[in-house]
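Trainee: One structure coming up, written as structure tokens, with questions to follow.
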Amino acid sequence: MAMSEGEWNLVLKGWAKVESDPAGVGQAVLLRLFADHKETLSSFPKFKNLSPAELQSSGDVRAHGLIVVNKLTEVFKKKGEHANSLKPLAESHSKKHKIPIQYFEMISDVIVKVMAEKIADFGADGQAAVRKALKVFTTDIGIFYES
């Protein structure tokens, strides 16, 4: 699934607002992921025994959210030329952390929802472009999961 230059530009325009508060947005994404998809919490040993209030105030959740946003920033800025970034990420998440590929699909949906809530002018076109970019990301990382 290829994306046009225009679609990538829409992604980067919306993502620039995420980049203005990467730790905050990343934290919001993870908190929503854990709330909406409780099963994902078991894949995070540091977080799985924390209450919702403890998760909310956890510096570790915020720090991991920052990592998620920073990695997606790196990937999005490559506009589809991201294979070298995805291979080590896929290897660590599939082999070391044992994260099911479906969790990438779940967090992708959450990312678009959180962006729509936090960014006033993140309209339908921007949402569609980010959703498509995340689908490309998930599909491409899945290739490395299988290899």
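The values are calculated or read from the model by the stated rules, or taken from the named source; none is laboratory data. Worth saying up front: this structure is predicted, and the values here are computed from it rather than measured. Counting neighbours? That spans all protein chains shown, and the Cβs are built from the backbone with ideal geometry, glycine included. We work out accessible area using only protein heavy atoms, side chains counted, and drop any ligands, DNA or RNA first. Shrake-Rupley method; radii C 1.70, N 1.55, O 1.52, S 1.80 Å.
Trainee: Would you pick out the residues in region 114-144 that are open to solvent by 50 Å² or more (accessible area, probe 1.4 Å) and either at positive phi or not β-branched (Val, Ile, Thr) (or both)? Quick ask: steps written out before the conclusion?
Mentor: Restricting attention to region 114-144, the residues satisfying the condition of being open to solvent by 50 Å² or more (accessible area, probe 1.4 Å) are 117-118, 120-121, 124-125, 128, 131-132, 135, 139, 143.
Of everything in region 114-144, those that are open to solvent by 50 Å² or more (accessible area, probe 1.4 Å) and either at positive phi or not β-branched (Val, Ile, Thr) (or both) turn out to be 117, 118, 120, 121, 124, 125, 128, 131, 132, 135.
Residue by residue, here is whether (1) among the basic types (Lys, Arg); (2) within 29 Å of residue 120 (Cα to Cα); (3) at pLDDT 95 or above holds:
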residue	(1), (2), (3)
3	no, yes, no
21	no, yes, yes
34	no, yes, yes
42	no, no, no
72	no, yes, yes
84	no, no, no
88	no, no, no
96	yes, no, no
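Trainee: Among the residues in region 103-113, are any free of Cβ contacts under 8 Å to residues at least 40 places away in the same chain and open to solvent by 70 Å² or more (accessible area, probe 1.4 Å)? Give the steps one after another, and end with the answer.
Mentor: At the first step, the residues of region 103-113 found to be free of Cβ contacts under 8 Å to residues at least 40 places away in the same chain are 104-105, 108-109, 112.
Narrowing the set further to residues that are open to solvent by 70 Å² or more (accessible area, probe 1.4 Å) leaves 105, 109.
The answer is yes, given that some residue of region 103-113 is free of Cβ contacts under 8 Å to residues at least 40 places away in the same chain and open to solvent by 70 Å² or more (accessible area, probe 1.4 Å).
Trainee: Do any helices (runs of 4 or more DSSP H) lying entirely in region 1-95 carry at least 3 residues that are free of Cβ contacts under 8 Å to residues at least 60 places away in the same chain, open to solvent by less than 40 Å² (accessible area, probe 1.4 Å) and out of contact with any Cys (no Cβ under 6 Å at 6 or more places or on another chain), and which ones are they?
Mentor: 22-36, 59-77, 83-91
Residues checked against (1) modelled with pLDDT of 90 or more; (2) not acidic (Asp, Glu):
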residue	(1), (2)
91	no, no
106	yes, yes
114	yes, yes
119	yes, yes
122	yes, yes
136	yes, yes
139	yes, yes
142	no, yes
